[in-house]
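Here the structure comes first, spelled out in C-alpha cells, and everything after it is commentary.
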Amino acid sequence: MTSMYDEPKIMDGSLKAYPHEERGQERGRAKDPIKFLQATEQRARERQVAYETVRLLRRDVIECYRREGVNHYDNCKEPVQKYYNVVAKKDLGQLHPNWSNPEKHDGW
C-alpha cells in the first residue's frame, strides 16, 4: 500500500546550530582542515534541505489551488501562509552556525 493517503509527517521542534570551523585567514588554511570540510558539507546539506522544503511547500500550494479552483482565496490560506513564512526568511530558513563574524557570511 502506498503512503499517499497518510497524513504528512511534520517535525515539531527546532534544530540547533551545527559545529563549524572557520578559515584562519581570508585565503589561508583552516586551523583544522577536517572540521572545515565537514562544516562545508553540512552547510551544503542544510541548503539542500531548505530548497527541498520550499519545493514541497510550493507543491502543496499548487495542489490546493488546483483542488479548490475559484475558492482558493478562502480555502488555501494556510498552505500559502506556510509557504510565505519560509520564503520570506533569510536564506529560506536555512540553519546557520554561530559565526564569529556574521556580517562576513551574510547572504551566501
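The values are calculated or read from the model by the stated rules, or taken from the named source; none is laboratory data. Everything numeric here is computed off the predicted structure, so don't read it as measured data. Heavy atoms of the whole protein, side chains included, go into the accessibility calculation; ligands, DNA and RNA do not. Shrake-Rupley method; radii C 1.70, N 1.55, O 1.52, S 1.80 Å.
A few comments on the model shown:
- Every residue from the range 55-75 that is under 25 Å from GLN94 (Cα atoms) and open to solvent by 100 Å² or more (accessible area, probe 1.4 Å): ARG55, ARG58, ARG59
- All positions within the range 42-66 that are at pLDDT below 90 and of a type in the set (D, E, K, R): ARG43, ARG45, GLU46, ARG47
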